[in-house]
Amino acid sequence: MDIIGTSLSRDGYLLTEVGAPATAGETGTLSFTIRDADGTPVTAFAQSHGRALHLIVVRTDGTGYRHLHPELDAASGVWSTTVTWDAAGSYRLFADATPLGADGVTLTRTIDVEGDLRPAKHRGERRHVTVDGIEVHLDGTLRTGDGGVLTATVSEHGHPVQRLEPYLGAYGHLVALREGDLAYLHVHALGETPAAGDLSGPEVAFHASAPTAGRYFLFLDFQVDGRVRTASFVVEASGAAPTATADHHEHHAVHTH
């Protein structure tokens, strides 16, 4: 199993140092550049899931998750977006992009935010969460090897939600980060690509394979009533199943750094 999200370079591409607000509560610009093997800023990218670049930001203790889409200055190659840090700590940034004519890469950097640091403590699995009154329950087993299927069920006031909307070409996007080194796995929903205006629910299924057994932070982005929400889970991954039974017709991306 390839392990990704642990290096600032890949296939000759490098994520430069990141400029960002230095203190919790401060609003400012987060910016960076992707350079090629010659040190030249990359200014042309292919779109993936409706965007030229996906930026995942999370504190190293698994809190403060954000899925951002910075804007590219095509003249300079600088990506930028406005951020305000909610809390102090070390944050890992994952820039997921496909330079035009090349394979997709996931590049990472860590930045430190000053302030009163209050690390989170995770005690066991967390598979049921409520986000803005919408409940999400995660079933299934995260395994190594051929992996397994994880199913998120969405409900509201005790009733199944059947108005999940397409978001970036799917009914849900799942990011998994291994506790400790934050090795990165980006998984997309199983099933056909929805068309604009389609609705689904209450379930969204994913095929996922963990690089190793252990604890993982999982973040599910989904859209209901025009608003994107994030459900955050903590899941323990087990070893590979005795027999390989996983369905391999899923659409997902795994890369190494």
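The values are calculated or read from the model by the stated rules, or taken from the named source; none is laboratory data. Owing to the predicted nature of the structure, the values given are computational and were not obtained by experimental measurement. With ideal geometry, Cβ positions are generated from the backbone for all residues, glycine too; neighbour counts draw on all protein chains shown.
Note on the stretch 120-153: residues that are within 18 Å of the chain's Cα centre (by Cα) and of a type in the set (Lys, Arg) amount to 2. When the stretch 108-119 is filtered for residues that are over 19 Å from the mean Cα position of the chain (by Cα) and either of a type in the set (D, E, K, R) or modelled with pLDDT under 95 (or both), the ones remaining, listed by number, are Asp112, Glu114, Gly115, Asp116, Leu117, Arg118, Pro119. For the stretch 22-50, the set of residues classified as closer than 19 Å to Leu93 by Cα and in contact with a Phe, Trp or Tyr (Cβ under 8 Å, 6 or more places away or on another chain) consists of Thr23, Ala24, Gly25, Glu26, Ser31, Phe32, Thr33, Ile34, Arg35, Asp36, Val42, listed by residue number.
Got at least one residue in the stretch 114-125 being in contact with a strand residue (DSSP E or B) (Cβ under 9 Å, 6 or more places away or on another chain), basic (Lys, Arg) and under 19 Å from Ala205 (Cα atoms)? The answer is no, given that none of the residues of the stretch 114-125 is in contact with a strand residue (DSSP E or B) (Cβ under 9 Å, 6 or more places away or on another chain), basic (Lys, Arg) and under 19 Å from Ala205 (Cα atoms).
Considering only the stretch 49-56, I want to know if a residue exists there that is surrounded by 18 or more Cβ atoms within 10 Å (Cβ to Cβ), basic (Lys, Arg) and not assigned by TED's automatic domain parsing to the domain that holds Phe222. Within the stretch 49-56, not a single residue is surrounded by 18 or more Cβ atoms within 10 Å (Cβ to Cβ), basic (Lys, Arg) and not assigned by TED's automatic domain parsing to the domain that holds Phe222. Out of Leu164, Leu182, Leu199, one residue alone is free of Cβ contacts under 8 Å to residues at least 60 places away in the same chain, assigned by TED's automatic domain parsing to the domain that holds Phe233 and hydrophobic (A, V, I, L, M, F, W, C). It is Leu199.
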